[in-house]
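One structure is given below, encoded as C-alpha cells.
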Amino acid sequence: MTTQPTDKLPKLDPETPIGWIGTGVMGASMCSHLRSAGHPVTVFTRTKSKAASLLDAGAEWADSPRTVAERCPVVCTMVGFPPDVRQVYFGDDGVLAAAQPGALLIDFTTTEPSLAVEIAEQAAARGAFAIDAPVSGGDVGARNATLSIMLGGEAAAVDAALPLLQRLGKSIVRQGGPGTGQHTKMCNQIVIAGTMVGMCEALIYGHRAGLDLETMLASIRGGAAGCWSLDNYAPRILKRDFAPGFFVEHFIKDMGIALREAERMNLALPGLALVHQLYVALKAQGHGRKGTQALMLALETLNG
Ligand code: NAP
C-alpha cells in the first residue's frame, strides 16, 4: 500500500463536519457524543427511525453513504456484519465512490481484518485514509464514552483522528497498520468467550448449590474472578433481563471471524470453538437477537 501525503488530512476541531453511518445500539450513542461536542453531523442508516434522536438533536440526514462522504471530510461507520461494511464502502452509492483526497474514514464495526486492509488499500488509491477502529465496552461504554478503541492504520491518520476518538473512549491504542485493530478485537472476543461461559456456569452452579447469588457475586467479583462480564452481565441475568446490549448474532459473527483467522494461521482454539458452538445452539433456539448474557438460557436448557 502506498503511503499517502498526510498534509491533506483534516485538522479535527469541533467545527469539522462528521459523517456517521449506522445508528444502532452503539452508533447512536457514539454519534451523539460528537454532536454534543459541537460537530455538525450528517447521518445515514438503513432504518431512518433509528436516527430519530440524532435528527431531533440537529443532525442532518443524507440519503446514502455516498452523500455522507460528499459532504464530510471525516466519515465514521458502525454497521453490523462484514457484508454491511462492504456495501457501505464499496457499493455504487458507497463511501469510496465519493471520498475526497485526504478524507479520513473510520470503521468502528467489528469485521474481518482482511476487509479492513482492503478498505485501506482502496481508500489509499483515492488519496484517502482508512482506519479500523473496533471497540469494546458494550452499550454501557458507548453511552458513557468509556470505550476501548483498538486501532489499525497509518500513524498520521490515527493521530489526526485522536480528538474525535477521545470523545468516545478512554483507552485508545494504535496496534499497527490496517487490520491490526480488528485482530486485536478478535483477541478481546476470545477472552470474552471465556468470561461469558465462566460467568454463566458459575451462576448455574451457585443456584444448584443453593447459594444466594447476589451474596456469592459479592464475594467473587472482588477477587481473581472479577471481570467486566461478571460486573455488567451477571446483574442482568439475575433480573432475567436478556435484552441486547450485544447481540448474540454479532458475537457468533465475531467468534466465526476469529476461528477462521486462527485456522488460516494453523492455530487450534478449542475453548473458543466450544463457546462458539454453545452460541450457535442459542441462536438455533431462537435467541439470535437477544443479548449475549442469554447464553444462560442455553445452559439452563442443557441442564434441564
Ligand atoms: P446494531 O444495533 O444492529 O447497529 C448496526 C446499525 O447499522 C443498524 O442500525 C443497521 O440498520 C445499520 N446498518 C447495517 N447495514 C447497513 C447499511 N448497509 N447501511 C446503513 N446502515 C446499516 O448493532 P450494534 O450493537 O450497534 O453493533 C454494531 C457493531 O459493533 C457490530 O459489528 C458489533 O459486533 C459491534 N460491537 C457491538 C457492541 C455492543 O455491545 N452492542 C460492542 C462492541 C462492538 P438496521 O437498524 O436496519 O438493522
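At 222 nm, what helix-only mean residue ellipticity would the chain give, in deg cm²/dmol to the nearest 500, using -39500 (n - 2.57) for each DSSP H run of four or more?
Rounded to the nearest 500, it is -14500 deg cm²/dmol.
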- Item | Q100 versus R260: modelled label distance in nm, points set 7 Å from Cα along the beta carbon direction | 3.5
- Task: Using the Karplus curve 6.51 cos²θ - 1.76 cosθ + 1.60 with θ = phi - 60°, work out ³J(HN,Hα) for each residue of region 156-170 in order, rounded to whole Hz, and write x for Gly and Pro.
- Result: 5, 5, 5, 4, 5, 7, 3, x, 6, 4, 5, 7, 10, x, 9
- Task: Report the calculated FRET efficiency for A57 and D159 (r = Cβ-Cβ distance, R0 = 22 Å), to the nearest 0.05.
- Result: 0.15
- Please identify every one of the trypsin sites (Lys or Arg not before Pro) in region 233-277 that sits in a loop by DSSP and has no more than 15 other beta carbons within 10 Å of its own beta carbon. K239, R240
- Query: Given a 1.4 Å probe, how much area per residue of region 184-302 is accessible, in Å²?
  - Reply: 50
- Task: Taking amide H positions as placed in the peptide plane 1.01 Å from N, state which residues far from E60 in sequence (5 or more) or on other chains have amide H under 5 Å from it.
- Result: V41, T42, V43
- Over all distinct alpha-carbon pairs, what is the Kirkwood Rh of region 184-302 in angstrom? 14.7
- Message: Using a Förster radius of 25 Å, what is the FRET efficiency between V140 and K8 based on their Cβ-Cβ separation? Nearest 0.05, please.
- Response: 0.10
- Residue-ordered couplings for region 263-277, obtained by feeding phi - 60° into the Karplus form 6.51 cos²θ - 1.76 cosθ + 1.60 and rounding to whole Hz (Gly and Pro as x), are 4, 4, 8, 6, 10, 8, 10, x, x, 4, 4, 5, 5, 4, 5
- Normalised per residue, the volume of the convex hull around the Cα set of the chain (Å³): 134
- Accessible area of F81, 1.4 Å probe, to the nearest 10 Å²? 60
- Here the relative contact order (percent) of region 18-177, from C-alpha pairs under 8 Å and at least 6 apart, is 19
- Query: In the structure shown, do any of K48/K290; K48/K283; K48/K239; K239/K283 have a Cα-Cα gap over 25 Å, and if so which?
  - Reply: K48/K283; K48/K239
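With a cut-off of 8 Å between alpha carbons and a minimum separation of six or more residues, what is the relative contact order of the chain in percent?
So the answer I get is 14 percent.
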- The set of residues whose placed amide H lies less than 5 Å from the amide H of T23, leaving out same-chain residues fewer than 5 positions away, is R46
- Message: Residue by residue through region 292-300, what is 3J(HN,Hα) from phi via Karplus (6.51 cos²θ - 1.76 cosθ + 1.60, θ = phi - 60°)? Round to whole Hz and write x for glycine and proline.
- Response: 5, 5, 5, 3, 3, 5, 5, 5, 5
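The values are calculated or read from the model by the stated rules, or taken from the named source; none is laboratory data. In this text the structure is predicted, and so the values were computed from the model without any measurement. Note that each Cβ is placed from the backbone with ideal geometry, even for glycine, and that neighbours are counted across all protein chains shown. The protein model used for the area step is the full one, side chains on, heavy atoms only, and it has no ligands, DNA or RNA in it. Shrake-Rupley method; radii C 1.70, N 1.55, O 1.52, S 1.80 Å.
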